[in-house]
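Shown next, in structure tokens, is the structure this report addresses.
The values are calculated or read from the model by the stated rules, or taken from the named source; none is laboratory data. Quantities reported herein were computed from a predicted structural model and do not represent experimental measurements. Here the Cβ positions follow ideal geometry from the backbone for every residue, glycine too, while neighbour counts run over all protein chains shown.
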Amino acid sequence: MNGPRVMHTTSEAITHGIRVKVRARYSSEHSNPAQPMWFFLYTITLENESNETVQLLHRHWEITDANGNVEHVRGPGVVGEQPVLRPGQSFEYTSGCPLPTPFGFMKGEYRMVSETTGETFEVDIAGFPLRFGDQTLN
């Protein structure tokens, strides 16, 4: 018996010279649909394509499940870090999101600060779907 194939969803955005790439997938090993709880992993790659050294200070996620319920997640940094990116540097991390439904959507932004000017600015995380594979009903 074949299970659902692993599907990846992606998004990409550039704001103020900071490229944010997302690759997300369903994680069967962390999920328990009987609860119901579907778990999704996402890997973020931040690339500094600007001429300034920047630091990621804060994150904000807007997570919507298939029932239309929206949750906002805010906090300092990502995965316990507030990375500094010099021009040309990148930072990658993986995190996860539980949902009470097999489908959902995430989008958000990072608050960054320029070490050159001291100004803070928002960097978009383009929205991406969270999907539990190709499901067909028999």
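Couple of notes before you dig in:
- Of all residues in the range 9-59, those satisfying the criterion of being within 10 Å of the chain's Cα centre (by Cα), under 17 Å from Leu130 (Cα atoms) and either free of Cβ contacts under 8 Å to residues at least 60 places away in the same chain or not in a strand (DSSP E or B) (or both) are Lys21, Arg23, Leu41, Thr43.
- Scanning the range 72-98 for residues that are over 14 Å from the mean Cα position of the chain (by Cα) and among the aliphatic types (A, V, I, L, M) turns up Val84, Leu85.
- Selection from the range 91-104 of residues that are farther than 28 Å from Gln55 by Cβ and assigned to a strand (DSSP E or B): Pro98, Leu99, Phe103, Gly104
- From the options Gly127, Gly118, Gly88, residue that is touching an Asp or Glu at 6+ places or on another chain (Cβ under 9 Å) and part of a loop (DSSP other than H, G, I, E, B): Gly88
- Taking every residue in the range 75-88 that is among the basic types (Lys, Arg) and pairing it with any residue that is at pLDDT 95 or above, at least 6 positions away or on another chain, the pairs with Cβ-Cβ distances below 8 Å are Arg86/Asn48; Arg86/Thr53.
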